[in-house]
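Report on one structure; see the data block that follows.
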Amino acid sequence: MARKKGLTFYEKEKKISKAMVREIFITIFFALVAILIAFVIVFSIGMKVSFVGISMEPVLYNGQEVLIDRFTYRLLSPGRGDIVAFLPNGNKNSHYYLKRVVGLPGERVQIIGGYVYINGELLEEDESYDKIADPGIAENEIILGSDEFFVLGDNRNNSEDSRSGNIGAVKEDTIAGKAWFRLSCEEEGMGFIN
């Protein structure tokens, strides 16, 4: 008997087993639970703010969205170098400002010759910061209270911060949290903030 030449394909009947259906439902269930947990975490201990201005360039850009950790500062106080989100003077009608903590509670802060001095000592900072052209109210020594912080923008000469009389020292109870993650924008990709 002659065999047919060429390829032949056999279609097998595909069966959906109970185990496969169960596995699909378990996967969907855990995915939904993970999404719910992420949603609860972000909205209970975090928040998203949109950064306004150029005062934190090159770390943050105008319009970039930033995730704020509201939980850490319930346990700890802000540290020098942290980028904090705060409402200036506690004004709930204002947008959140994002600035870097330079002076801590109880310290004496002054800007002399374009540089920051803490308790009379030059603050060691990254060389990427511009020399400060206008010391503002920090031309004279500022003594921070037990719940006050001195904050500056990274773009020092284009920032409204603690040097400005209308902002001044930032009270701890007006700080919403620590900026920890930036979402994507055209200038800079998403990533953790340092």
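The values are calculated or read from the model by the stated rules, or taken from the named source; none is laboratory data. Quantities reported herein were computed from a predicted structural model and do not represent experimental measurements. Positions of Cβ are backbone-derived with ideal geometry, glycine not excepted, and every protein chain shown enters the neighbour counts. To get the accessible areas, we keep the full protein, side chains included, count just its heavy atoms, and leave off ligands, DNA and RNA. Shrake-Rupley method; radii C 1.70, N 1.55, O 1.52, S 1.80 Å.
A few points about this structure:
- Taken over the range 162-177, the criterion of being surrounded by 14 or more Cβ atoms within 10 Å (Cβ to Cβ) and in a loop (DSSP other than H, G, I, E, B) is satisfied by SER162, ARG163, SER164, ILE167, GLY168, ALA169.
- When every residue of the range 116-128 is checked against the conditions, none turns out to be polar (S, T, N, Q), surrounded by fewer than 18 Cβ atoms within 10 Å (Cβ to Cβ), out of contact with any Pro (no Cβ under 9 Å at 6 or more places or on another chain) and in a helix (DSSP H, G or I).
- Residue within the range 146-161 that is in a loop (DSSP other than H, G, I, E, B) and more than 22 Å from the chain's Cα centre (by Cα) present: yes
- Filtered residues of the range 62-89 (kept if free of Cβ contacts under 8 Å to residues at least 12 places away in the same chain and farther than 17 Å from LYS171 by Cβ): ASN62, LEU75
Per-residue answers, yes or no, for (1) outside any strand (DSSP E or B); (2) open to solvent by less than 60 Å² (accessible area, probe 1.4 Å); (3) at pLDDT below 85:
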residue: ILE28; (1), (2), (3): yes, no, no
residue: VAL40; (1), (2), (3): yes, no, yes
residue: SER44; (1), (2), (3): yes, yes, yes
residue: VAL49; (1), (2), (3): no, yes, yes
residue: ILE54; (1), (2), (3): yes, no, no
residue: SER94; (1), (2), (3): yes, yes, yes
residue: VAL101; (1), (2), (3): no, yes, no
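- Just one of the listed residues (ILE175, ILE112, ILE142) is modelled with pLDDT of 90 or more and touching a Gly at 6+ places or on another chain (Cβ under 8 Å), and it is ILE142.
- Candidate set: the range 67-86, residues that are aliphatic (A, V, I, L, M) and within 18 Å of VAL49 (Cβ to Cβ); chosen: the one surrounded by the fewest Cβ atoms within 10 Å (Cβ to Cβ): LEU67
- Condition met for ASN89 (part of a loop (DSSP other than H, G, I, E, B) and open to solvent by 30 Å² or more (accessible area, probe 1.4 Å)): no
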